[in-house]
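Visitor: Dropping a structure here in structure tokens format, bear with me for questions.
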Amino acid sequence: MIVRPVFLMCLRLAVFLAPLFSAGSHALTLSLAAEDAWPPFSDSQGNGYSRDLAIAAFAHSGVTLNIQAVPYARALNLTLAGKADGCWNVTRQPSTEEQYLFGNEPLFTARASYYFKAGKEKNWHSPADIPDGTQLAVINGYEYGAEFEKHRHRLKLIEVSKQQQMIAMLLNERVEGAIFFDRVFDYTMANSHYDRSLIRRGEENHTSNIYIAFSRQNANAQNYAKMLDEGLRMLKSSGEYQRIMNGLYDR
């Protein structure tokens, strides 16, 4: 006679607990927005060193990734709005720290320099040396260091979404200079029809620590950042980190 009440009680308990187990299982998969125009770190499909590092680092905590390749500015906006849990290849500087949450471990460091058409070089050693109103090609949404941010307002920035667009503008003299991340520029030129000798590399603009930025809209963002930190430290201690960064993407 007591079987039915016990059965109903168990059924109600199962219904009550089901959402909790469901939420727990979904928490093990993160949605990350990958920029689609920064090879060899993140190409048009989101493949590259950033993806390999992220997958390997999160795997140590049993976290899998759902990766969507989009333009960089959109990746930032998706993360800011909480429509993605995070996005990669973000420079940690005051302007980004206000909007996103970061861990302590960068994915890697990347140097950016000034570039000019051959014969049109400028003597720029820092953003302060760039004259007011200079037309400068940059990627839409990219961060170019805290010092550059102080001078952004007085420059005429031509913002595009692809590295090839900046190269074309330099060669066609639509801009006086451009800022490329050096390894990305080398990769882009090596995989294009452009003559490398037509563009000259100038002085360094800045060197960035590049991170995965997490959405402040996600209550678990701090935990995800800690998982990533732990995973990256384990990759470095095991030698796996260097093996990934010595990969064949830009060989």
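Visitor: How large is ³J(HN,Hα), in whole Hz, for each residue of the range 114-122 in order, when computed from phi with the Karplus curve 6.51 cos²θ - 1.76 cosθ + 1.60 and θ = phi - 60°, using x for Gly and Pro?
Guide: Once rounded to whole Hz, the list reads 7, 10, 9, 5, 3, x, 10, 5, 10.
Visitor: Antiparallel as a % of all DSSP beta bridges within the chain, to the nearest 5?
Guide: If we restrict to bridges inside the chain, about 55 percent are antiparallel.
Visitor: Once you charge only the Cβ atoms, +1 for Lys and Arg and -1 for Asp and Glu, what is the size of the charge dipole of the chain about its Cα centre, to the nearest 20 debye?
Guide: Charge dipole, the chain, about its Cα centre: 540 debye, nearest 20.
Visitor: Report, by chain and number, residues whose modeled amide H sits under 5 Å from the one on HIS206, excluding near sequence neighbours (fewer than 5 apart, same chain).
Guide: Those qualifying (amide H under 5 Å, at least 5 residues apart or on another chain) are ALA112.
Visitor: In addition: Dipole of the chain (Lys/Arg Cβ +1, Asp/Glu Cβ -1, origin at the Cα centre): which of ASN104, ASN220, ALA178 lies farthest to the positive side?
Guide: Going by the Cα projections, it comes out as ASN220.
Visitor: Let me ask something additional. With a cut-off of at most 12 other beta carbons within 10 Å, and DSSP calling the residue loop, which GluC sites (Glu not before Pro) in the range 27-129 qualify? Please list them.
Guide: Answer in residue order: GLU98.
Visitor: Can you pull out the trypsin sites (Lys or Arg not before Pro) in the range 114-193 that DSSP calls coil and that have at most 13 other Cβ atoms within 10 Å?
Guide: Sites meeting the loop and neighbour criteria: LYS120, ARG174.
Visitor: At 1.306 mPa s and 10 °C, plugging the Kirkwood radius over alpha-carbon pairs of the range 111-207 into Stokes-Einstein gives what diffusion coefficient in µm²/s?
Guide: Approximately 120 µm²/s, per Stokes-Einstein.
Visitor: Ok, one more. Spelling out what I want: for every residue of the range 225-240, take phi, set θ = phi - 60°, compute 6.51 cos²θ - 1.76 cosθ + 1.60 (Karplus), and round to whole Hz; glycine and proline get x.
Guide: 5, 5, 4, 5, 4, 4, x, 5, 5, 5, 4, 5, 5, 8, x, 5
Visitor: Which whole-Hz ³J(HN,Hα) couplings does the range 167-183 yield from phi under the Karplus relation 6.51 cos²θ - 1.76 cosθ + 1.60, θ = phi - 60°, glycine and proline marked x?
Guide: Ordered by residue, 3J(HN,Hα) equals 4, 4, 5, 4, 5, 8, 6, 7, 9, 8, x, 8, 10, 10, 6, 4, 5 Hz.
Every number in this text was worked out from the coordinates using simple rules, so none of it is lab data. Just so it is clear, the structure is predicted and the values come from calculations on it, not from any experiment. Using ideal geometry, Cβ is built from the backbone for each residue, glycine included, and neighbour counts are taken over all protein chains shown.
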